[in-house]
1. Rounded, prolate or oblate: which fits region 109-209, taking a ≥ b ≥ c as square roots of the Cα gyration tensor eigenvalues, rounded meaning a/c under 1.5, else prolate when a/b beats b/c?
2. Over all distinct alpha-carbon pairs, what is the Kirkwood Rh of region 1-54 in angstrom?
3. Within a 10 angstrom radius of the beta carbon, how do 124, 178 rank from fewest other beta carbons to most?
4. Given Cα pairs under 8 Å that are at least 6 residues apart, what percent is the relative contact order of region 61-209?
5. Test of the criteria: in region 113-161, which GluC sites (Glu not before Pro) are in a DSSP loop and have at most 11 other Cβ atoms within 10 angstrom of their Cβ?
6. Sort 179, 202 so that the residue with the fewest other Cβ atoms within 10 Å of its own Cβ comes first and the one with the most comes last.
7. For labels at residue 141 and residue 168 in the simple 7 Å Cα→Cβ model, what's the distance in nm?
8. What per residue convex hull volume, in Å³, do the alpha-carbon atoms of region 3-206 yield?
Amino acid sequence: MVRVKICGITNAEDAHLSVEAGADALGFIFVERTPRYIAPEIAARIIAGLPPFVTVVGVFWDHAPGHVKAIAEQCRLGALQFHGDEAPESLTDHDRLLIKTIKVSRVEDLAAMDRYQVSAFLLDSPARWSEGQARAPIPWDLAREAAGPTPLILSAGLTPENVGAAVRHCAPFAVDVDSGVEARPGRKDPTKVRRFIEAARSATSAREC
C-alpha cells in the first residue's frame, strides 16, 4: 500500500487533521524565509501531541550538520529530509532515517542517486517552492526510470485530482504533497487532504507496474 506524507505542517490543527485522515508521515519545514517555515519550538509542541506510529520528518536545506542534529533532538524527529545540495559525506553522521531530495527534469538528473546511501529518495521538481500557485508535476516516466532497491517518494505538483494516476503510473513507495492540499500557503484544506489520501490509497490496487 502506498504511503502518504503531508508536508508543510505549520499548526496543530492541520497535523491532527492529516493524521486522522490517514497520513503515514508529516513534514515540518525548518528552512528559514520559506512560506511554510516553522520554528523548532512550535514544531516540538505539535509533535509532542501526535499519536504513536506517525513518522515525523524534518525538512532541511543545506543546513550545518550540528544545526540539523539540534533540531532533530529538540523535536524528536523520526526522519530527516535533505532538500539542498548536501554532500553525501555530510549525511553519514545522523542516526535517523534519511531522505534525500533529487530534483529532476530529465533522465540525467537521476545519476545523483548513485552518490547517496539513504533510506529513501524523494523526487521533486527543480522549480522554486510554491507560494500558492499550482506546481507542475515532474515527468512521471522519470520516476519509473528511477525505480530500484531504495524506496522512492514521488512529489511535485500532486493533487487529489492526479495522485491516483501518479500512483498507477509510477508505483512509488510513497507520495508527498504540500501546496496541492492547501487552502492557502501554510494552511491545509481538510477536504483536499482527505480526498488526496483516499485517491492515493484507492489507486494502489490498480497499479500498472
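1. Oblate, since a/c reaches 1.5 and b/c is not below a/b.
2. Value: 11.4 Å, from the Cα pair sum.
3. 124, 178
4. 17
5. Hits after loop and neighbour filter: 131.
6. Ordered by Cβ neighbours within 10 Å, fewest first: 202, 179.
7. According to this spin-label approximation, the distance is 1.9 nm.
8. Cα convex hull per residue, to the nearest whole number: 110 Å³.
Rule-based calculations on the coordinates, nothing more; no lab input. As the structure is a computational prediction, the values presented were derived from the model and not from experiment. Methodologically, a virtual Cβ is constructed for each residue, glycine included, from the backbone with ideal geometry; neighbour enumeration extends over all protein chains shown.
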